[in-house]
Each structure stands twice: as structure tokens, then as C-alpha cells.
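Worksheet: one structure, shown below.
The values are calculated or read from the model by the stated rules, or taken from the named source; none is laboratory data. Quick caveat, the model's predicted, so the values are computed rather than measured. Don't worry about glycine lacking a Cβ; one is built from the backbone with ideal geometry, like all the others, and counts go over all protein chains shown. Each accessible area value is taken on the protein alone, full model and side chains, heavy atoms only, with ligands, DNA and RNA left out. Shrake-Rupley method; radii C 1.70, N 1.55, O 1.52, S 1.80 Å.
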Amino acid sequence: MEFVGKLESYSGNKMIIDIPNGFDMDEIVRKSKQGELVVDFYEKDTITDLQRKHYWALVGDIEEYTGYTADVVDSYLRVQFMKLINLEEYPSLKRNQMKKTVASELLEHVIDLCITNDIPFRKQQFYLTINTSKMLYALTLKRLCWVCGKPNSEIMHVEAVGSGRDRKQIDHSKHHFMCGCREHHSEQHNIGIDSYMIKYHFKPIKLNYEDLIKLGLMNKKRVEELEAIEIG
């Protein structure tokens, strides 16, 4: 049995620890009487339960997509990450064995692998990475919904383009974007762009001309016209 408690007070060699709701105190007391009650203190900058939860969820996504067992996927990911950041030993996900920042790098590495190989997400694991904008950018270029990861999603303008305007003539590089499936794009229109960004903790991104051409939002001729104006 393991739980995370909060130190409330102490006096001499006695301390009071606040244990979160949901644990059977009678069971804790019974087990403590059968042997020593072990208390371990964790550093603040250590991998969190949520990070571990998201890591194993990603492992499950890869397992389901590839057919390899979770232990094989886990071992592969850790070895690749070990080589990537030049770790001297096999990385551990136990508390006090991996810093929170390193755990974020691990998640970013795994998410990047999933995006590159078109492995679908079941949850929003990418929000626990260090560079969220990098992940959202990769999702956009793959046209994956920022909320649910559904493929063939729509590119969403954050700033209103305005009715009646010729979208082919607009310089889309001045705009911010998000990517959403039909369901979540409709939700964005229903609750409003500001509420949508607050709900999902989104920070929209900008796209350069090359990306805009690739996504079909601008054509090469219009980009060349705009670049000529900038030079002139």
C-alpha cells in the first residue's frame, strides 16, 4: 500500500501526517502493527504520479497499435531515451530516481515517436511535455485533433477571417491556428474561442509559408506575391 501524505506538524521524534481521503485507515493501522511503518520522503522535483500514468497510457497506445507487449514497448522506449540524452544507466520511473523535468523530456520523446509514426492517442498526454507548442505544431502538420487525436482534422483560425473575404488573398502567416476534428471544431464555435482555449488549456500556434502551402491554406503563387511585397 502506498499513498502520498502531507506533513502537518512535528514535535521531537513524532509527526502528524495528513493522509488523503479514500484510504482505509483501519487497514493502514492493521498493517503497520504487523511490521514497521515505512515512511519515505520524496524530493519536490521528482517524477509525478500523473507523469507515470501518462507514460504508461502512451505505452498502452503503442502496444495496441503495434501488437508488441507493454514490457517490450517500455524497454524499447527507455533504451532509446537513454541513448538520446546520454544517460549512463537504464532510466527508472520510481520516485526520487527521475526528475520531473527529465520525465517531461521522456514524455516528449514518446509523443514525438507516436506522432511521427501515426500512432493514435487515447488521451491528451502531450500536455505534460516541456515544449507543448512543438507537439501541437507536429499534430497540426499531421492534421490530428489537439483534443482527441482524431486524424484528418480541420485547421481552425483563432482570429476571425471575416465573411465575404477572399481567403486565397489573406496572409495566413499573420494568424494563429489550432487543429480540431469536426466534433471539437463545432464545440469551439458553440462555446466561443476564448472558452474553448481555457477549457483545453490551448495556446494557439503560428504557421510559416511552407507549412501553410503544405496544409493547403495558401498557394505558392500568393506566397511569392507576399514575399515580393516584403522585399520591396
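Some observations on this one:
- Annotation: of all residues in the stretch 186-231 being among the charged types (D, E, K, R) and farther than 25 Å from THR132 by Cα, the one that is least open to solvent (accessible area, probe 1.4 Å) is ARG222.
- Residues that are of a type in the set (A, V, I, L, M), open to solvent by 70 Å² or more (accessible area, probe 1.4 Å) and modelled with pLDDT of 95 or more, drawn from the stretch 71-105: VAL72
- Within the stretch 8-50, the set of residues being in a helix (DSSP H, G or I), aliphatic (A, V, I, L, M) and at pLDDT 75 or above comprises LEU50 only.
- Remark: THR48 matches the filter, which requires a residue to be surrounded by 15 or more Cβ atoms within 10 Å (Cβ to Cβ) and of a type outside the set (Gly, Ala, Ser).
- Filtered residue count, the stretch 205-221, keeping only those that are free of Cβ contacts under 8 Å to residues at least 60 places away in the same chain and within 20 Å of THR140 (Cβ to Cβ): 10
- Number of the exception - LEU58 against (1) modelled with pLDDT of 80 or more; (2) not in a helix (DSSP H, G or I): (2)
- Hey, ASP166 modelled with pLDDT of 85 or more and out of contact with any Cys (no Cβ under 7 Å at 6 or more places or on another chain) or not: no
- Checked against the criterion of being surrounded by fewer than 17 Cβ atoms within 10 Å (Cβ to Cβ) and under 17 Å from the mean Cα position of the chain (by Cα), the candidates CYS114, CYS148 yield just one match: CYS148.
- Test: residue in the stretch 151-168 that is touching a residue at least 12 places away in the same chain (Cβ under 8 Å), within 29 Å of GLY67 (Cβ to Cβ), open to solvent by 60 Å² or more (accessible area, probe 1.4 Å) and acidic (Asp, Glu): no
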